[in-house]
Amino acid sequence: MDPGCTCESCELRELFIQNLDDEHAEIVCTSKIEKEFRQGEVIIKEGTLIQEFTYLKSGLVKLFRSDQSGREQIITIARPMDYVSLLSVFSDQHYNYSVSALEDSVTCNLKMDEIRTLASENGKLALNLLKKMSEIADTIILESLEIRKKHLRGRVAYLLIYFSRTIFYSEEFDLPLTRKEMADYVGMTTENVIRTLSEFRRDGILKIYGKTIHIANMDSLQSIADFG
């Protein structure tokens, strides 16, 4: 196998390379293509034909559907190491959701026909794909249930803590979602989200500088997220 095909710091190695013989691993290594997307650019469009298996190498993206009125329904936020196409690639011929870049992002793409062939010929790879799909589905379901059981303040607090601890690993970060996107994600109105953020700032829980959020009192925010 080509020694230059390392897929360093990449789950493609764990999911594919370690489960394939050298010949098939070489197919993965030589056929993968990296694509760059600017903030706001569409990576996958709902309804388009599935031709690639897409993995997020760097950046941050949102998975969403649009209803008949054009309003977005955000499914989840995907981070580096996430497989942003796994929710549809084996269940349909067309994508059931869209993906767009919340910040400049890079994807690693493999031809879907080749992935289907490899999965049909390699049981261990197929099982690992199923496991990864189940993990993604479980995460989306549990996050949705966790958000929906909270009141407005608890939902906004939960989302801010998610970005702080899971995405940016910092109590100060640039919020990647607009206020409208936040509202779509937590299932509330934009006005309610804006009012809640203002209340958090007034109470000394947050400091807000444009898109920059500084969590000044994490204990209070966590308490609102837990019991709000």
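The values are calculated or read from the model by the stated rules, or taken from the named source; none is laboratory data. Treat the numbers as computed from the prediction; the structure is a model and nothing was measured. Heads up, the Cβs are rebuilt from the backbone with ideal geometry, glycines too, and the neighbour counts pull from every protein chain shown. Heavy atoms of the whole protein, side chains included, go into the accessibility calculation; ligands, DNA and RNA do not. Shrake-Rupley method; radii C 1.70, N 1.55, O 1.52, S 1.80 Å.
Quick check on this structure: which one of Glu26, Glu8, Glu36, Glu14 is modelled with pLDDT under 85, more than 15 Å from Asp82 (Cβ to Cβ) and not in a loop (DSSP other than H, G, I, E, B)?
Working: Glu8 fails: not in a loop (DSSP other than H, G, I, E, B); Glu36 fails: modelled with pLDDT under 85; Glu14 fails: more than 15 Å from Asp82 (Cβ to Cβ).
After applying the criteria, what remains is Glu26.
Just to check your reading of the model, which residue among Glu135, Glu72, Glu143 is closer than 30 Å to Gly228 by Cα, in contact with a Phe, Trp or Tyr (Cβ under 7 Å, 6 or more places away or on another chain) and not hydrophobic (A, V, I, L, M, F, W, C)? Spell out the reasoning first.
Details: Glu135 fails: in contact with a Phe, Trp or Tyr (Cβ under 7 Å, 6 or more places away or on another chain); Glu143 fails: in contact with a Phe, Trp or Tyr (Cβ under 7 Å, 6 or more places away or on another chain).
Every option except Glu72 fails the conditions.
Take the residues in segment 151-171 that are of a type in the set (Val, Ile, Thr) and at pLDDT 95 or above, then tell me which one is most open to solvent (accessible area, probe 1.4 Å).
If we filter segment 151-171 for residues that are of a type in the set (Val, Ile, Thr), which is where we start, we get 156, 161, 166-167.
Next cut, at pLDDT 95 or above only: 156, 161.
Values: Val156: 2, Ile161: 18 Å².
Top of the filtered list is Ile161.
State yes or no: is Leu177 within 22 Å of Met81 (Cβ to Cβ), open to solvent by less than 50 Å² (accessible area, probe 1.4 Å) and of a type outside the set (Gly, Ala, Ser)?
Numbers: within 22 Å of Met81 (Cβ to Cβ): yes; open to solvent by less than 50 Å² (accessible area, probe 1.4 Å): yes; of a type outside the set (Gly, Ala, Ser): yes.
In short, yes.
Check off (1) in a loop (DSSP other than H, G, I, E, B); (2) open to solvent by less than 20 Å² (accessible area, probe 1.4 Å); (3) of a type outside the set (D, E, K, R) for Gly204 and give me the number that stays unchecked.
Just one mismatch for Gly204, condition (2).
Looking at (1) touching a helix residue (DSSP H, G or I) at 6+ places or on another chain (Cβ under 7 Å); (2) of a type outside the set (A, V, I, L, M); (3) without any contact (Cβ under 8 Å) to a residue 60 or more places away in the chain; (4) more than 17 Å from Ile74 (Cβ to Cβ), can you tell me which one Lys131 breaks?
Condition (1) is where Lys131 drops out.
Table: residues versus (1) in contact with an Asp or Glu (Cβ under 8 Å, 6 or more places away or on another chain); (2) open to solvent by 20 Å² or more (accessible area, probe 1.4 Å).
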| residue | (1), (2) |
| --- | --- |
| Ile74 | yes, no |
| Asp104 | yes, yes |
| Met133 | no, yes |
| Phe173 | no, no |
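In the list Asp92, Asp113, Asp82, Asp138, which residue meets the criterion of being within 28 Å of Ile161 (Cβ to Cβ), loosely packed, with under 14 Cβ neighbours inside 10 Å and at pLDDT below 90? Even if it seems obvious, please write down each step before you answer.
Details: Asp92 fails: within 28 Å of Ile161 (Cβ to Cβ); Asp113 fails: within 28 Å of Ile161 (Cβ to Cβ); Asp82 fails: loosely packed, with under 14 Cβ neighbours inside 10 Å.
Of Asp92, Asp113, Asp82, Asp138, the one residue that is within 28 Å of Ile161 (Cβ to Cβ), loosely packed, with under 14 Cβ neighbours inside 10 Å and at pLDDT below 90 is Asp138.
Conditions (1) modelled with pLDDT of 95 or more; (2) more than 23 Å from Arg148 (Cα to Cα); (3) of a type outside the set (A, V, I, L, M), marked per residue:
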| residue | (1), (2), (3) |
| --- | --- |
| Gly187 | no, no, yes |
| Glu191 | yes, no, yes |
| Thr196 | yes, no, yes |
| Glu199 | yes, no, yes |
| Arg202 | yes, yes, yes |
| Tyr209 | no, yes, yes |
| Leu221 | yes, no, no |
| Ile224 | yes, no, no |
| Gly228 | no, no, yes |
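Would a scan of segment 51-72 turn up a residue that is open to solvent by 60 Å² or more (accessible area, probe 1.4 Å), closer than 30 Å to Lys180 by Cβ, among the acidic types (Asp, Glu) and at pLDDT below 90? Steps first, answer last, please.
Residues of segment 51-72 open to solvent by 60 Å² or more (accessible area, probe 1.4 Å): 51, 57, 65, 68-69, 71.
Those left that are additionally closer than 30 Å to Lys180 by Cβ: 57, 65, 68-69, 71.
Remaining after also requiring among the acidic types (Asp, Glu): none.
Within segment 51-72, none of the residues are open to solvent by 60 Å² or more (accessible area, probe 1.4 Å), closer than 30 Å to Lys180 by Cβ, among the acidic types (Asp, Glu) and at pLDDT below 90.
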